[in-house]
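Data first, discussion second: the structure below is written as structure tokens.
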């Protein structure tokens, strides 16, 4: 966590000798002070991943020029997928909720204290349960009812709102609806869900009841990117908590809330800080 | 977690042969259906501890009569310290906060969803930071400023409020003031604090900075009863989270919040459900 | 953990008012000093479970008489499934291994120091890898080769050995063979396996490779009773360990060993101390 | 974990612009293929730390030349503390034990399976408890009795043995003696201890009894470098395990063993792989 403004380069490219040398030489030539750097080579696929934080005012020019030079001198020669973000530009996160409070309260507490230094242009819900609570925080609350018959229209409307408010990331904070494949595809890599099981165990509905039925001794939560296949997208973060034979499914629901909100917050933070690089159906997370 | 109304007996007495037999025979004679029961013998001090949940409508008489009979027939012969509480009578919890949001948001989320099925007669603070937030929830917010010069008066006022609102339990939800010995003694066993370290390490001020200085690899939080000796009261619950060399004290503060609020909520729940029996400076916690 | 000799009663019966009263009255009448006691009511099936440790020399008569009286006066009237074991009679544990060392070394270390106060009448293996190591400890080592063609004969031989050495419990300490349904049925509830995944995820072969493929952020181990359905028996104990994107399957294998041996040792201990009561395909574990 | 031979550079130097660029350019110029790399800037002290693994046969020359060129072209200009080790040269680890078996069995299991790919030139003990066990593994066992009167001579002898067998690292695997300041100083940064508490809590003797006395809810273990101040050296790794009121100090001792051996093994592994850089009384651990 750095107080000064910084740029974050995250990139991947085919592995070869000299990648770090080329990237770091480019940064050093222009005076760039590296605050934090992480690298990973995937031996199986031969792909190389990196994330570098550079102190903004150490560079000799502004970000636009940095980007165009980096592209020409480094990214294109190395066939990189890359992006550079600016810590001074707050990410815009649209939150979707239904009737459960724990993830919403948790996110707004982090937002209120600037622990999560983001903008929340709106909260969208299929119910009006949290209208007052959200609006009290000065955040617009938009209800988009979802019924059996209006699903296509409802998800088109949610996508419209997301685009109109210029959302960067959509967070499903225990939003109890299954998004349309169209929406999943349109925002691939930008929708984050929290599932209340330790995936791949107990995907789908009522995972705590499934866990109770099987008699497991730990229950979990999984933060993942949403894809059109239910609960099968790339996993960002997971955690578990111990239970025992005396815990009914209702107790598991209660225990589970504590890991759901924590795992979601950690996963979201990694994503917002460009610490997550997706590789096939898996993630590299540079914590 | 039981849906039906129940009574909770929690008790301790000198150990001897036949304690469970006497207590359970008394309950069975009067038709009492035991939902949950826990027992513990302390080998060192020779004291015996128990906690029993009894289905309210299984008993042949009401609680007042149950209490008077239990006292005469069981508790006095066994020289017991005991109490019987009624799940239909909500506990009244007074929350004290300063300027940190995480424990307050967390407690109000649990209260709002009835996960914590308590009454909060008021929130007291030395600052007005959360006045609007608390009042939006329909909970009175009372500011009691604390300065170098008014401490005695301030704590007397807090005690007055606690008594006037008929508080059962006082929760210091990251209340950054040290209570007076008088208040600690007056409400012994009824004030719960969350300390942001794994006690007994790093008692007192700025524990995360102390932890950073020492180079530990895990940081913790401790929920404990407040006594007049700072951060030295009986421990109810603790937990830890992993950190590493890259984490500055500010990062630890951020990580720590997640265990502070969870540990406080767990400890408070144990206390409110009469799962905690204090024994000298230690606790028996019947989870 | 008690130093004095004690008897352990473990039992289950249909739930009704007065079970604890009847059992504890019987024990108290005969002078029995209860060292530890645990109870659990399964609300769904209406079955009641208990485990009670009684100081042996506090009883007025010996175990044989205690058993026959308990049967007539308590167990039969309550339609109990029950057993009473004697801490002075060491359990006899037959260990099966293949070529992996970690669980075997771990168990023998615990046996050597009497942390596990058991007899190991023999170690059985399909390989001779650990013959010298086991025999150095003064424990007979019996090699029973298993090939595609001799499976039926091999498992019959293992069962014959187990019965001849009067085994109480069979432990599959990373024994890389699938037992025959006949053997599983013959020793139902007496064979304990350690599976190297957090079941129900990744049952079957190469679970760490499956975990790597899916990109999970924690890997686990599961100690369970063996049934004829592979990796699907009642779970006794589980635990997990954190991994990240930099860990290859080989690293997971290495990390996993540490939880496998610990989870197996914990599960085995619970079983040997009669802390595990099987209920359908689930377990009650009175830790 | 890499199968191919590699060199590991670990280094620290005053922070400045261009360190990664200089180091990585040097490596790339000579064909070096980087398998793994980690960097850390300490903001407070302005010191920079790194660890880089380079595939051995990717370099154009042998290690001696690599070292001398690196020194002249990189290390001296940057005022580095540095070392380069060769994965083909096994580290030599001298193990000291007393009468407790768990860490010794655990280390020898890892050594036997080559999970720890080290040489153990000898095991030294003040008792003869494990003479047969160690020698069965083909490892020399040297008893050096320690009495009140011979301490100086005993520790001088242990140092003599360590030097004669060309030890790289000395591991105190629950060696229940306090080394002399002379020995600690002579082998500074090369002696690793496992202490059976979560330091800084409960340093010194009988930490589990101290923990029981205080009533903590988790107990821990700490792997650290030995310095002449007891249990106060730089911490390499720590972990904890949950206990409760029913656990006597003897139970804690038993639970504690499982984390002691695991934490020691992890800490030792980090040290042997040059993942630990000492900075004042703290460590950077590049896991």
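The values are calculated or read from the model by the stated rules, or taken from the named source; none is laboratory data. Owing to the predicted nature of the structure, the values given are computational and were not obtained by experimental measurement. As a convention, Cβ positions derive from the backbone with ideal geometry for all residues, glycine included, and neighbour counts pool all protein chains shown.
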Looking across the range B:217-245 at residues that are at the interface with another protein chain (Cβ under 9 Å from one of its Cβ atoms), assigned to a loop (DSSP other than H, G, I, E, B) and in contact with a strand residue (DSSP E or B) (Cβ under 6 Å, 6 or more places away or on another chain), the single one that is nearest to residue A:116 (Cα to Cα) is B:245
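Can you name the residue in the range A:246-268 that is under 10 Å from the mean Cα position of the chain (by Cα) and buried (at least 21 other Cβ atoms within 10 Å of the Cβ) and, of all such residues, is farthest from the other protein chains (Cβ to nearest Cβ)?
Initial filter on the range A:246-268 (under 10 Å from the mean Cα position of the chain (by Cα)): A:264-268.
Filter again for buried (at least 21 other Cβ atoms within 10 Å of the Cβ), leaving A:264-265, A:267-268.
Working: A:264: 11, A:265: 7, A:267: 10, A:268: 13 Å.
Within the range A:246-268, the match that is farthest from the other protein chains (Cβ to nearest Cβ) is A:268.
If I go through the range B:28-46 residue by residue, how many of them are assigned to a loop (DSSP other than H, G, I, E, B) and buried (at least 20 other Cβ atoms within 10 Å of the Cβ)? I'd like the intermediate steps shown before the answer.
Within the range B:28-46, the subset assigned to a loop (DSSP other than H, G, I, E, B) is B:30-33, B:43-46.
Next, from what is left, pick out any that are buried (at least 20 other Cβ atoms within 10 Å of the Cβ): B:32-33.
Total satisfying the criteria: 2.
Taking the conditions exactly as written (surrounded by fewer than 20 Cβ atoms within 10 Å (Cβ to Cβ), touching a residue at least 40 places away in the same chain (Cβ under 8 Å), outside any loop (DSSP other than H, G, I, E, B) and away from chain C (no Cβ under 11 Å)), does residue B:8 satisfy them or not?
Details: surrounded by fewer than 20 Cβ atoms within 10 Å (Cβ to Cβ): yes; touching a residue at least 40 places away in the same chain (Cβ under 8 Å): yes; outside any loop (DSSP other than H, G, I, E, B): yes; away from chain C (no Cβ under 11 Å): yes.
Judged against the criteria, residue B:8 is a match.
Find the residue count for the range B:246-276, including only residues that are farther than 30 Å from residue D:277 by Cα and assigned to a helix (DSSP H, G or I). Full working, then the answer.
Narrowing the range B:246-276 to residues farther than 30 Å from residue D:277 by Cα: B:260-276.
Next, from what is left, pick out any that are assigned to a helix (DSSP H, G or I): B:260-272.
Adding up the residues that qualify gives 13.
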Residue A:189: passes all of (1) assigned to a loop (DSSP other than H, G, I, E, B); (2) under 26 Å from residue A:40 (Cβ atoms); (3) facing chain C (nearest Cβ under 9 Å) but (3)
Apart from one, (1) facing chain A (nearest Cβ under 8 Å); (2) in contact (Cβ under 8 Å) with a residue 12 or more places away in the chain; (3) surrounded by fewer than 20 Cβ atoms within 10 Å (Cβ to Cβ) all hold for residue C:284; the odd one out is (3)
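Could you tell me whether residue B:86 is more than 14 Å from chain A (Cβ to nearest Cβ), over 30 Å from residue A:114 (Cβ atoms) and at pLDDT 95 or above?
On the way: more than 14 Å from chain A (Cβ to nearest Cβ): yes; over 30 Å from residue A:114 (Cβ atoms): yes; at pLDDT 95 or above: yes.
Answer is yes for this residue.
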Being buried (at least 16 other Cβ atoms within 10 Å of the Cβ), assigned to a helix (DSSP H, G or I) and free of Cβ contacts under 8 Å to residues at least 60 places away in the same chain is the requirement here; does residue C:25 meet it? yes
Of the candidates B:219, B:192, B:158, the one satisfying the condition of being crowded, with 21+ Cβ neighbours inside 10 Å, within 30 Å of residue A:107 (Cβ to Cβ), under 20 Å from the mean Cα position of the chain (by Cα) and modelled with pLDDT of 95 or more is B:192
Scanning the range C:29-46 residue by residue, the ones that are under 30 Å from residue A:213 (Cβ atoms) and in contact with a helix residue (DSSP H, G or I) (Cβ under 8 Å, 6 or more places away or on another chain) total 2
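This table checks each residue for (1) within 8 Å of another protein chain (Cβ to nearest Cβ); (2) more than 22 Å from residue B:248 (Cα to Cα).
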site: A:12; (1), (2): no, yes
site: A:16; (1), (2): no, yes
site: A:33; (1), (2): yes, no
site: A:53; (1), (2): no, no
site: A:61; (1), (2): no, yes
site: A:64; (1), (2): no, yes
site: A:72; (1), (2): no, yes
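Name the residue, out of A:146, A:171, that is buried (at least 18 other Cβ atoms within 10 Å of the Cβ), in contact with a helix residue (DSSP H, G or I) (Cβ under 8 Å, 6 or more places away or on another chain) and farther than 25 Å from residue A:278 by Cβ. If you could, list the steps in order and put the result at the bottom.
Numbers: A:171 fails: farther than 25 Å from residue A:278 by Cβ.
Exactly one residue qualifies, and that residue is A:146.
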Considering residues that are free of Cβ contacts under 8 Å to residues at least 24 places away in the same chain and either farther than 21 Å from residue B:136 by Cβ or assigned by TED's automatic domain parsing to the domain that holds residue B:15 (or both), the number found within the range B:65-111 is 7
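Being within 14 Å of another protein chain (Cβ to nearest Cβ), in contact with a strand residue (DSSP E or B) (Cβ under 7 Å, 6 or more places away or on another chain) and more than 16 Å from residue A:52 (Cα to Cα) is the requirement here; does residue A:113 meet it? Spell out how you get there, then give the answer.
Working: within 14 Å of another protein chain (Cβ to nearest Cβ): yes; in contact with a strand residue (DSSP E or B) (Cβ under 7 Å, 6 or more places away or on another chain): no; more than 16 Å from residue A:52 (Cα to Cα): yes.
So residue A:113 fails the test.
Just for the range D:197-209: of the residues that are crowded, with 17+ Cβ neighbours inside 10 Å and more than 9 Å from chain B (Cβ to nearest Cβ), which one is nearest to residue B:214 (Cα to Cα)? Explain how you work it out, then say what you get.
Start the filter on the range D:197-209 by keeping residues that are crowded, with 17+ Cβ neighbours inside 10 Å, which leaves D:197-202, D:207-208.
Of the ones still in play, those that are also more than 9 Å from chain B (Cβ to nearest Cβ) are D:197, D:207-208.
Details: D:197: 15, D:207: 19, D:208: 21 Å.
Once the filter is applied, the top-ranked residue is D:197.
Every residue, every condition in (1) in contact with a helix residue (DSSP H, G or I) (Cβ under 7 Å, 6 or more places away or on another chain); (2) at pLDDT below 95; (3) not assigned by TED's automatic domain parsing to the domain that holds residue D:49, yes or no:
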residue: D:228; (1), (2), (3): yes, yes, yes
residue: D:261; (1), (2), (3): yes, no, yes
residue: D:270; (1), (2), (3): no, no, yes
residue: D:277; (1), (2), (3): no, no, yes
Counted residues in the range C:127-143 being surrounded by fewer than 13 Cβ atoms within 10 Å (Cβ to Cβ) and in contact (Cβ under 8 Å) with a residue 24 or more places away in the chain come to 0
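Of all residues in the range A:47-83 being part of a helix (DSSP H, G or I) and in contact with a helix residue (DSSP H, G or I) (Cβ under 7 Å, 6 or more places away or on another chain), which is surrounded by the most Cβ atoms within 10 Å (Cβ to Cβ)?
Narrowing the range A:47-83 to residues part of a helix (DSSP H, G or I): A:56-58, A:63-75.
Going one step further and asking which of them are in contact with a helix residue (DSSP H, G or I) (Cβ under 7 Å, 6 or more places away or on another chain), we end up with A:70, A:73-74.
Values: A:70: 22, A:73: 15, A:74: 20.
Looking at the filtered set, the residue picked out is A:70.
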